[in-house]
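Q: One structure follows; several queries about it will come next.
The values are calculated or read from the model by the stated rules, or taken from the named source; none is laboratory data. The model shown is predicted, which means the values in this text are computed figures rather than measured ones. When we count neighbours, we look across all protein chains shown, and the Cβ atoms used for this are built from the backbone with ideal geometry, even at glycine. Keep in mind that these areas ignore ligands, DNA and RNA; they rest on the heavy atoms of the full protein, side chains included. Shrake-Rupley method; radii C 1.70, N 1.55, O 1.52, S 1.80 Å.
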Amino acid sequence: MPSVIAGTGHYLPAQRLTNTMLEQRVDTSHDWIVERTGIHERRIAEPAESAVTMGAAAARQALQAAGINADDLDLIIVATTSGERAFPSVACEIQAALTENNIPAFDVAAACSGFIFALSVADQYIRSGMYEKVLVVGSDVLSRLCHPDDRNTLVLFGDGAGAVVLEASDRAGIMSTHLNSAGEFADLLGVNHLSRTSPEQLGEAWMYMKGNEVFKVAVSKLSELVVDTLAANNMQASDLDWLVPHQANLRIIKATAKKLKMPMEQVITTLEYTGNTSAASVPIALDVAIRDGRIQRGQKLLLEAFGGGFAWGSALIDY
Ligand code: ACO
């Protein structure tokens, strides 16, 4: 059976980090950050917050919106690359926080595209008939992976979590998903895992990013992707109600919207106040626009993301 989005939720830490505050830490300026990225501020997790606590909070909201109890879930998939530990997975810890049922729970690692990849996996499980109710969470704390002196990454990333509950249905809410990877770009964007780093190199276990090279590939791959996604569904851009993009950079988002000839009024953005929250960015944007009433049942949504791997993907949704 196909699947529908039954409920959504999100969580943002209370602690704000504005561009003006960043000016005190590194050689940057509010005007540069706004002009190059569109970001004004981001939220930063407190020490007690983690991918687990934020993900569980977003999940509780999504469960409430779906009108179901965590004990009704069949599966939990969490998109993240910033868990506190290599294992247990963030998903297992979220499962323990939500239910005593021994349902399967696992992480999907596709950096900023993780939520789209996890949504696609969840949809396949429901389509195959194996499961009926699946919780999909995107939760990341990438602020902790940015070197405190690295203005390249520090200005971009914030923390947060988003979640959706997918349910089996007669109608195809998730119309199609499209996933791509290109591992040859690994040197342009990544984080070295601590366990793979010698003690002398510990200081190097931070995010590395060749921003302008990532930017060019992101614009080109996303432009191809959105056109191909519509073509695969025999749809035109004019059939879409909303573009819900990954919130990395307003210039990348505008380039994708331009490719679709969609006005920015039909594009959901949160990056002005969230920054890039990695795997959480798409479900946060989705939930914000559902809760404020812009996204309505019956509308057509195009979700897309691009990030480390490189990995990029889209989902066409009849909400
Ligand atoms: N503050 C002020 N000046 C800066 C900063 C900064 N934070 N960073 C760079 N600059 C300067 C550079 O030194 C350079 O100066 P110069 O012209 O005197 O040499 C100038 O600004 C332009 O630098 P570029 O790197 O060319 O700037 P660009 O316009 O490309 O913007 C940015 C940089 C915002 C990082 C952009 O390239 C970008 O958004 N890239 C994509 C990032 C992204 O999407 N990441 C992927 C997803 S994340 C994931 O998967 C985990």
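Q: Could you grab the pairs with beta carbons closer than 7 Å, sequence gap of 6+ or different chains, first residue in the stretch 14-31 and open to solvent by 80 Å² or more (accessible area, probe 1.4 Å), second one more than 13 Å from the ligand (Cβ to nearest atom) and basic (Lys, Arg)?
A: Here the result reads Arg16/Arg43, each pair linking the stretch 14-31 to a residue that is more than 13 Å from the ligand (Cβ to nearest atom) and basic (Lys, Arg).
Q: Please enumerate the residues belonging to the stretch 33-43 that are in contact (Cβ under 8 Å) with a residue 40 or more places away in the chain and open to solvent by 60 Å² or more (accessible area, probe 1.4 Å).
A: Those that are in contact (Cβ under 8 Å) with a residue 40 or more places away in the chain and open to solvent by 60 Å² or more (accessible area, probe 1.4 Å): Arg36, His40.
Q: Could you give every pair whose Cβ atoms fall below 8 Å, whose first residue belongs to the stretch 248-274 and is under 19 Å from Gly211 (Cα atoms), and whose second residue is of a type in the set (Ser, Thr, Tyr) and open to solvent by 40 Å² or more (accessible area, probe 1.4 Å), counting only separations of at least 6 or pairs across chains?
A: none
Q: Also: What are the residues in the stretch 44-101 that are open to solvent by less than 30 Å² (accessible area, probe 1.4 Å) and charged (D, E, K, R), if any?
A: Glu49
Q: When the residues of the stretch 148-175 are narrowed to those that are away from the ligand (no atom under 11 Å from the Cβ) and surrounded by fewer than 16 Cβ atoms within 10 Å (Cβ to Cβ), which ends up farthest from the chain's Cα centre (by Cα)?
A: Only one residue fits best here, namely Asp170.
Q: For the stretch 6-39, name all the residues that are under 28 Å from Tyr319 (Cβ atoms) and more than 13 Å from the ligand (Cβ to nearest atom).
A: Those that are under 28 Å from Tyr319 (Cβ atoms) and more than 13 Å from the ligand (Cβ to nearest atom): Ala6, Gly7, Thr8, Gly9, His10, Tyr11, Leu12, Pro13.
Q: Of the numbered conditions (1) open to solvent by 20 Å² or more (accessible area, probe 1.4 Å); (2) more than 16 Å from the ligand (Cβ to nearest atom); (3) of a type in the set (S, T, N, Q), Ser3 fails exactly one; give the number of that condition.
A: Exception for Ser3: condition (1).
Q: Within the stretch 211-232, which residues are open to solvent by 30 Å² or more (accessible area, probe 1.4 Å) and closer than 20 Å to Gln266 by Cα?
A: Within the stretch 211-232, Val219, Glu224, Val227, Asp228, Ala231 meet the criteria.
Q: Please count how many residues of the stretch 289-319 are more than 12 Å from the chain's Cα centre (by Cα) and acidic (Asp, Glu).
A: Of the residues in the stretch 289-319, 2 are more than 12 Å from the chain's Cα centre (by Cα) and acidic (Asp, Glu).
Q: Additional query: Tell me the residue from Thr99, Thr80 that is in contact (Cβ under 8 Å) with a residue 12 or more places away in the chain and within 16 Å of the ligand (Cβ to nearest atom), please. Working first, answer last.
A: Values: Thr99 fails: within 16 Å of the ligand (Cβ to nearest atom).
The match here is Thr80.
Q: Looking for something within 16 Å of the chain's Cα centre (by Cα), within 15 Å of the ligand (Cβ to nearest atom), open to solvent by 10 Å² or more (accessible area, probe 1.4 Å) and of a type in the set (A, V, I, L, M) - is there at least one such residue anywhere in the stretch 114-137? Before the answer, list the steps.
A: Our first condition is that a residue be within 16 Å of the chain's Cα centre (by Cα); within the stretch 114-137, this holds for 114-122, 135-137.
If we keep only those that are within 15 Å of the ligand (Cβ to nearest atom) too, we end up with 114-118.
Of the ones still in play, those that are also open to solvent by 10 Å² or more (accessible area, probe 1.4 Å) are 117.
Within this subset, residues satisfying the condition of being of a type in the set (A, V, I, L, M) are none.
No, the conditions are met nowhere in the stretch 114-137.
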